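Colleague: Quick one: the structure is below, questions incoming.
The values are calculated or read from the model by the stated rules, or taken from the named source; none is laboratory data. Note that the structure is a prediction, hence the values are computed from the model and not measured. Neighbour counts are summed over all protein chains in view; Cβ atoms, including those assigned to glycine, are modelled from backbone coordinates with ideal geometry. These area figures cover heavy atoms from the full protein model, side chains too; ligands, DNA and RNA do not enter into them. Shrake-Rupley method; radii C 1.70, N 1.55, O 1.52, S 1.80 Å.
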Amino acid sequence: MTAPVYESTDAFAHTLDAQDPLRPFRDEFLLVASPSGAPSVYLAGNSLGLQPRKARKYVQMEMEDWERLGVEGHVHGRHPWLPYHELLTEQVARLVGAQPQEVVVMNTLSVNLHLMMVSFYRPTRERFKILIEGNAFPSDQYAVASQARFHGYNPEEAIVRLMPREGEETLRPGDILEAVERHGKQVALVMLGSVNYLTGQAFDIGAITRVAHAQGCKVGFDLAHGAGNLRFALHDDGPDFAVWCSYKYLNGGPGSLGGVFVHERHAHSPDLPRFEGWWGHNKATRFEMGPTFDPLPGAEGWQLSNPPIFQLAALRASMELFDKATMEAVRAKSEKITGFMEFLLNRLPGGFVTITTPKDPKQRGAQLSLRFKGEPKRLLGRLSQAGVICDFREPDIIRAAPAPLYNTYLDVFRFVRTLEAHALE
């Protein structure tokens with residue numbers, strides 16, 4: 001494939017926007033105002049996505065049904081609450097490349113991660129280790145360490161942390177596979193992110209899963225920075241499970257519900273250890289209130305409680321947009337707009353900025369992690385004053401993520417032009 005040819009002018013950015021098939025989707029979101037009152041350049045969708053315009057309408061609809069119907073809203077609402085989460089099932093399945101039975105929207109990410117590890121981290125004396133990224137998101141590190149302790153193991157001995165080679169920022173794909181093979185006979189669970197939150201590096205789920213399964217390991221992925229960002233084929237790639245949140249690229253709102261994937265080979269495994277809850281019980285007999293748990297087949301069998309309808313309603317507004325746009329088109333624009341950002345950043349004065357995210361588009365999503373000369377927190381504040389919103393991660397990284405559904409090429413041009421003004425001071 002021929003690499004795109006870019007130009008560093010606002011006219012070229014306008015041309016790219018005029019040719020963008022996803023451009024109409026920007027109007028489906030409420031844009032954060034800058035200090036001047038104009039729409040900000042919002043590049044923090046990898047932290048919290050923008051609000052879809054229909055989110056308020058969909059939540060208000062359920063508020064009205066609650067007011068009008070009370071408890072009867074569970075069965076007589078315009079979108080009855082008992083099966084409400086099923087409105088999202090097929091959309092979510094398409095989003096992550098799964099079968100509908102393999103996915104469910106429920107809980108939040110860390111809760112779901114613990115629920116999955118109850119089932120898929122089953123350590124033995126010979127095989128008790130968990131392999132993770134050395135700089136995985138802290139919540140994941142806390143979760144795996146606490147699970148190891150819960151089973152009676154010392155996390156310092158039970159956790160294998162993958163680290164980049166000395167002097168390098170990211171993990172080499174071959175080194176990941178080699179580590180899985182080297183430690184595999186002692187590893188009970190390979191638990192990696194799909195995209196590392198700090199570096200923006202994306203991992204090859206299929207390759208890692210194949211190597212790990214060949215070693216007898218269970219495999220799970222945290223898609224927090226991947227869902228709505230990368231194209232996935234979870235069913236075909238075959239990890240045992242995956243979890244994700246929906247408030248980043250999926251624009252579900254602060255603290256929004258998470259999602260779970262459980263591969264179909266576990267769909268009819270009622271004896272698989274799990275924490276059981278009423279909402280995971282067979283729907284046909286759920287209201288008979290029997291004392292014995294009869295799990296639903298597939299991912300729904302891991303549900304615990306009836307879901308919060310207002311959060312589902314807000315997420316439904318965004319999932320409709322992703323389903324209409326398709327992840328194929330989202331990913332195509334993501335590669336192009338992120339490549340445009342990289343091109344412009346590389347034209348800034350030498351030594352001002354270093355991109356720590358891999359250059360290979362197959363090893364990254366929309367996020368570029370940037371290390372700047374000087375004081376990054378001070379620079380972040382100055383960007384905010386200029387109407388550009390990014391975020392900061394310790395120790396010295398500013399993250400910028402052009403979200404394809406609402407960011408424009410002109411947004412990217414304005415971001416880098418603002419940086420250029422500070423680089424020349």
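Colleague: Taking N as the number of residues in the range 1-136, what is its Cα Rg relative to 2.2 N^0.38 Å?
Modeller: Normalised Cα radius of gyration, the range 1-136: 1.56.
Colleague: Any idea what log10 I(q)/I(0) is at q = 0.17, 0.24, 0.27, 0.30 Å⁻¹ for the range 106-165, Debye with uniform C-alpha scatterers and no solvent?
Modeller: Each listed q corresponds, in turn, to -0.55, -1.02, -1.22, -1.37.
Colleague: Now, a different point. What accessible area per residue, rounded to a whole number of Å², is obtained for the range 306-424 using a probe radius of 1.4 Å?
Modeller: 39 Å²
Colleague: Okay, moving on. Averaged per residue, what accessible area in Å² does the range 111-202 show with a 1.4 Å probe, protein chains only?
Modeller: 45 Å²
Colleague: Mind checking the full-extension length gain between Ser139 and Val75? Use 0.36 nm per residue of separation minus the Cα-Cα distance, one decimal, nm.
Modeller: Answer, rounded to one decimal: 19.3 nm.
Colleague: Which residue fluctuates most in the GNM of the chain (Cα springs below 10 Å): Pro376, Pro24, Pro239?
Modeller: In the Gaussian network model the winner is Pro24.
Colleague: On the full set of protein chains, 1.4 Å probe, figure out the accessible area of Lys57 and give it in Å² to the nearest 10.
Modeller: The accessible area of Lys57 comes to roughly 120 Å².
Colleague: Order Tyr6, Tyr247, most accessible first, counting only protein heavy atoms with a 1.4 angstrom probe.
Modeller: Highest to lowest solvent-accessible surface, that is Tyr247, Tyr6.
Colleague: For the chain, take the alpha-carbon Rg, divide it by the Kirkwood Rh, and send me Rg/Rh.
Modeller: 0.98
Colleague: Could you compute the net charge surrounding Trp81? Neighbours are other residues with a C-beta less than 12 Å from the C-beta of Trp81; K and R count +1, D and E count -1.
Modeller: Once all neighbours under 12 Å are counted, the net charge is -3.
Colleague: For the cross-link pairs Lys54/Lys362; Lys218/Lys362; Lys218/Lys359; Lys54/Lys359; Lys54/Lys283, which exceed 27 Å when the distance is taken from alpha carbon to alpha carbon?
Modeller: Distance filter (> 27 Å) returns Lys54/Lys362; Lys218/Lys359; Lys54/Lys359; Lys54/Lys283.
Colleague: Where both partners of a DSSP beta bridge lie in the chain, what percent of those bridges are antiparallel, to the nearest 5?
Modeller: 55 percent
Colleague: In debye, nearest 20, what is the charge dipole magnitude of the chain about its Cα centre with +1 on Lys and Arg Cβ and -1 on Asp and Glu Cβ, if you could check?
Modeller: Dipole size: approximately 480 debye.
Colleague: Pull up all non-local amide H partners of Val160: gap of 5 or more, or a different chain, and H-to-H distance under 5 Å with H placed in the peptide plane.
Modeller: Ile130, Leu131, Ile132
Colleague: Report, in order of residue number, the helices in the chain meeting two criteria: a C-alpha extent of 15 Å or more along the helix axis, and a mean Kyte-Doolittle hydropathy of at least -1.0; treat each whole DSSP H run as one helix.
Modeller: In the chain, the long hydrophobic H runs are 109-120, 138-150, 173-183, 309-325, 327-345, 409-423.
Colleague: Order 123-129, 11-17, 113-119 from most to least packed using the mean count of other Cβ atoms within 10 Å.
Modeller: Packing order, densest peptide first, comes out as 113-119, 11-17, 123-129.
Colleague: Give me the distance between the Cα centres of the range 369-393 and the range 192-266, rounded to whole Å.
Modeller: Distance between centres, Cα-based: 29 Å.
Colleague: Return the tail of the calculated pair distribution for the range 275-425, meaning the percent of Cα-Cα pairs more than 28 Å apart.
Modeller: So the portion of pairs separated by more than 28 Å is 44 percent.
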